[in-house]
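K.L.:
Pasting a structure below so you can have a look.
The values are calculated or read from the model by the stated rules, or taken from the named source; none is laboratory data. Since the structure is predicted, the reported quantities are computational estimates derived from the model, not experimental observations. Counting neighbours? That spans all protein chains shown, and the Cβs are built from the backbone with ideal geometry, glycine included.
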């Protein structure tokens with residue numbers, strides 16, 4: 001679910017606890033009675049009627065603004081809160097409401113504008129600096145986001161939301177050691193914080209610390225339902241430490257309602273190949289190729305070719321290697337095609353053709369080059385001997 005939706009829900013729920021400043025229920029008592037029972041639209045209608053009598057009553061404008069806000073009528077709420085911006089008694093409340101409204105409406109420039117005004121009014125309050133960091137991050141203004149988060153943390157080093165935001169930027173700029181160090185401080189503050197621990201798993205993964213990634217995510221899987229992204233990450237981490245059954249379990253979980261299953265299918269194919277469950281591996285390679293939209297499709301056909309050779313289906317292997325070359329020009333493929341042709345055909349013409357293509361590719365694997373030269377020499381020798389016998 002979209003994070004902006006959650007922001008709106010939290011914002012609207014928080015409004016329920018805020019009292020109207022300076023309520024005077026003797027003026028427009030019917031409006032305040034309606035507010036008490038949370039009939040905000042009817043209350044707004046009553047307050048609007050009163051304002052026709054006195055258009056300068058800021059207390060009434062404030063009550064009317066609040067009713068529109070509670071009713072979800074942001075357009076009218078903004079209109080009336082803007083009328084309170086320069087009213088000394090209600091300026092702070094108006095700024096707070098407008099900042100929240102514009103944030104919930106995803107109007108980042110105006111949300112930033114009103115949070116900046118609040119931060120200037122309350123320079124010792126780190127909440128506004130942290131909020132600015134989050135807004136700048138959403139707007140991809142990373143340098144300003146970093147400044148705001150760091151300023152917030154200088155006032156409150158235990159602000160885990162600021163720590164989360166700052167580490168997200170560090171990860172995006174590959175400052176992984178700095179991110180890990182800051183996350184460690186955050187986890188000292190709250191070792192059970194799911195968000196910080198999930199971010200730390202991503203840092204371990206990016207640093208190729210697969211044992212730490214697997215241990216951390218596996219422990220978190222007993223506290224929360226990991227989403228597809230983290231199940232796929234955990235499955236791959238388990239693969240790297242040879243826990244293949246656990247890898248398969250989490251990779252399969254990551255496929256549930258997954259709109260982009262390509263890599264999970266590929267990792268499953270690799271896992272089953274390592275387990276020597278060749279038919280299953282081949283099926284997952286085929287599914288990965290069907291789902292493939294990346295530049296890695298050639299790998300999936302090479303996987304199918306490897307499986308075919310292990311199943312002694314060398315003709316199929318040649319076909320899959322040929323298809324892989326349509327997606328990726330990997331010179332080693334010519335060697336493996338030559339090897340498959342060498343095994344499949346009695347007439348070694350195809351094998352010679354592929355061995356020569358391999359040698360002409362300039363591939364630097366000295367062992368494969370040695371084998372290719374040796375096989376060419378052996379095939380020529382056999383042909384020469386056969387000619388002499390004929």
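K.L.:
What's the total number of residues in region 74-83 that are without any contact (Cβ under 8 Å) to a residue 12 or more places away in the chain and under 34 Å from the mean Cα position of the chain (by Cα)?
P.N.:
Residues meeting the conditions: 1.
K.L.:
Which one is nearest to the chain's Cα centre (by Cα), of the residues in region 310-330 that are assigned to a loop (DSSP other than H, G, I, E, B) and over 15 Å from residue 279 (Cβ atoms)?
P.N.:
Taking region 310-330 and keeping what is assigned to a loop (DSSP other than H, G, I, E, B), we get 311-313, 328-330.
Still in the running and over 15 Å from residue 279 (Cβ atoms): 328-330.
On the way: 328: 27, 329: 31, 330: 31 Å.
Here the answer is 328.
K.L.:
Can you tell me which of (1) surrounded by fewer than 17 Cβ atoms within 10 Å (Cβ to Cβ); (2) part of a helix (DSSP H, G or I) is the one residue 98 doesn't meet?
P.N.:
Residue 98 satisfies all of (1) surrounded by fewer than 17 Cβ atoms within 10 Å (Cβ to Cβ); (2) part of a helix (DSSP H, G or I) except (1).
K.L.:
Residue 364: in a helix (DSSP H, G or I) and free of Cβ contacts under 8 Å to residues at least 24 places away in the same chain, yes or no? Steps first, please.
P.N.:
On the way: in a helix (DSSP H, G or I): no; free of Cβ contacts under 8 Å to residues at least 24 places away in the same chain: yes.
No.
To keep it simple, each residue is scored yes or no on (1) part of a helix (DSSP H, G or I); (2) in contact with a strand residue (DSSP E or B) (Cβ under 7 Å, 6 or more places away or on another chain); (3) without any contact (Cβ under 8 Å) to a residue 60 or more places away in the chain; (4) surrounded by fewer than 17 Cβ atoms within 10 Å (Cβ to Cβ).
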| position | (1), (2), (3), (4) |
| --- | --- |
| 333 | yes, no, yes, no |
| 339 | yes, no, yes, no |
| 346 | no, no, yes, yes |
| 378 | yes, no, yes, yes |
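K.L.:
Consider residue 307 against the criteria (1) out of contact with any helix residue (DSSP H, G or I) (no Cβ under 6 Å at 6 or more places or on another chain); (2) assigned to a helix (DSSP H, G or I): it satisfies all of them except one. Which criterion is unmet?
P.N.:
Checking residue 307 against (1) out of contact with any helix residue (DSSP H, G or I) (no Cβ under 6 Å at 6 or more places or on another chain); (2) assigned to a helix (DSSP H, G or I), the one that fails is (1).
K.L.:
Tally time: how many residues in region 233-251 are in contact with a helix residue (DSSP H, G or I) (Cβ under 7 Å, 6 or more places away or on another chain) and over 17 Å from residue 212 (Cβ atoms)?
P.N.:
3
K.L.:
Considering every residue within region 210-228, establish whether at least one is within 28 Å of residue 308 (Cα to Cα) and under 22 Å from the mean Cα position of the chain (by Cα).
P.N.:
no
K.L.:
Mind telling me which of the residues 123, 109 ends up being over 22 Å from residue 64 (Cβ atoms), assigned to a helix (DSSP H, G or I) and out of contact with any strand residue (DSSP E or B) (no Cβ under 9 Å at 6 or more places or on another chain)?
P.N.:
Answer to the selection: 109.
K.L.:
Could I ask something else about it? For residue 41, indicate whether it is surrounded by 18 or more Cβ atoms within 10 Å (Cβ to Cβ), under 44 Å from the mean Cα position of the chain (by Cα) and modelled with pLDDT of 80 or more.
P.N.:
No; evaluated as a whole, the condition is false for this residue.
K.L.:
Give the number of residues within region 283-302 that are free of Cβ contacts under 8 Å to residues at least 24 places away in the same chain and either within 13 Å of residue 328 (Cβ to Cβ) or surrounded by fewer than 17 Cβ atoms within 10 Å (Cβ to Cβ) (or both).
P.N.:
Going through region 283-302 one residue at a time, the tally reaches 2.
K.L.:
Taking residue 183, is it free of Cβ contacts under 8 Å to residues at least 40 places away in the same chain, surrounded by fewer than 20 Cβ atoms within 10 Å (Cβ to Cβ) and under 28 Å from residue 126 (Cβ atoms)?
P.N.:
Considered against the rule, which asks whether it is free of Cβ contacts under 8 Å to residues at least 40 places away in the same chain, surrounded by fewer than 20 Cβ atoms within 10 Å (Cβ to Cβ) and under 28 Å from residue 126 (Cβ atoms), residue 183 comes out as no.
K.L.:
Keeping to region 246-278, report how many residues are free of Cβ contacts under 8 Å to residues at least 24 places away in the same chain, surrounded by fewer than 24 Cβ atoms within 10 Å (Cβ to Cβ) and part of a helix (DSSP H, G or I).
P.N.:
Counting residues in region 246-278 that are free of Cβ contacts under 8 Å to residues at least 24 places away in the same chain, surrounded by fewer than 24 Cβ atoms within 10 Å (Cβ to Cβ) and part of a helix (DSSP H, G or I) gives 2.
K.L.:
Sticking with this one: Hey, residue 147 hits all of (1) in contact (Cβ under 8 Å) with a residue 24 or more places away in the chain; (2) over 30 Å from residue 208 (Cβ atoms); (3) within 26 Å of the chain's Cα centre (by Cα) but one; which does it fall short on?
P.N.:
It fails just one condition, (1).
K.L.:
Of the residues 132, 198, which single one is surrounded by 14 or more Cβ atoms within 10 Å (Cβ to Cβ), at pLDDT 95 or above, over 30 Å from residue 241 (Cβ atoms) and out of contact with any strand residue (DSSP E or B) (no Cβ under 9 Å at 6 or more places or on another chain)?
P.N.:
After ruling out the rest, the residue left standing is 132.
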